[in-house]
Amino acid sequence: MTPQVPRLDTVDEVLALYERFGADPYDEEISQLDHALQTAALAVAEGASDELVAAALLHDVGHLLHLAEGGRPVPAPHNGGFDLHHERVGARALAGVFPPAVTGPIALHVEAKRYRCAVDSGYQASLSAGSRRSLAVQGGPLDAHGVRTFERRPGTRDALRLRAWDDAGKVEGLEVASLVEYRDLLQRVARAH
Ligand code: FE
Ligand code: FE
């Protein structure tokens, strides 16, 4: 089933979502905004491209869109046992503002988790409790066919990098660059689209 996808038209609209709903809990310990900022800070620290930094910052925008639509707050996508498909909703909502180099890794960040769970035996145990819970709702580890399909997709390398920052960007109380500090980068990436 294709979820209803709201559309975002400008960088300011995207930022306004984070200003308005960013305080909502992402996981047990940290807010949506803190998770976004930590994920982006890890991308910057690894010298990622502007597009991939934007993807890191905005990868969970689907959760914020859900809140903006009046959905009940969700600590990760295990809202009452169904998958919100936040990765697809987010990527599609951003497609009018940002290029595929931003939306592609966002669309694949859940599949990247399912992929790593399938191919890396220690990975699943390393995930946060929330991420392990959502895994079941998201379909669990990919099967052999899913693994082959994922490996053939373009952009899996970026998706796996994003996934690693996503998994690490959950540290309670960590101070990182603020949302406004990404505004110029986002405008630049959007303008080039
Ligand atoms: Fe996510
Ligand atoms: Fe995330």
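For this structure, a couple of remarks:
- When Rg and the Kirkwood radius Rh are both evaluated on Cα atoms of the stretch 97-193, their ratio Rg/Rh stands at 1.02.
- Taking Lys and Arg as +1 and Asp and Glu as -1, the other residues whose beta-carbon sits under 13 Å from that of ALA136 total +3.
- Exposure proxy for THR39, THR149, THR156: other Cβ atoms within 10 Å of each Cβ, ordered fewest to most, give THR149, THR156, THR39.
- Working from the Cα coordinates of the chain, the gyration tensor eigenvalues give, after taking √(5λ), semi-axes of 23, 18, 17 Å in decreasing order.
- Kirkwood-based Rg to Rh ratio, the stretch 134-191, C-alpha trace: 1.10
- Scaled to the globular estimate 2.2 N^0.38 Å, the Cα spread of the stretch 35-149, given as radius of gyration, is 1.06.
- Charge tally for VAL14 (other residues, Cβ to Cβ under 13 Å; Lys, Arg +1; Asp, Glu -1): -2.
- Qualifying GluC sites (Glu not before Pro) in the stretch 108-193, DSSP loop, other Cβ atoms within 10 Å at most 13: GLU172, GLU175
- Remark on SER31: its backbone amide H falls under 5 Å from those of TYR26, a criterion applied only to residues 5 or more positions apart or on other chains, H modelled at 1.01 Å from N.
- Net +/- balance of residues flanking LEU186 in space, Cβ distance below 13 Å, scoring K and R +1, D and E -1: -3
No lab work stands behind these numbers, since they all come straight from the coordinates. Model, not experiment: these values are computed from the prediction. Quick reminder, even Gly has a Cβ in these numbers, built from the backbone with ideal geometry, and neighbours come from all protein chains shown.
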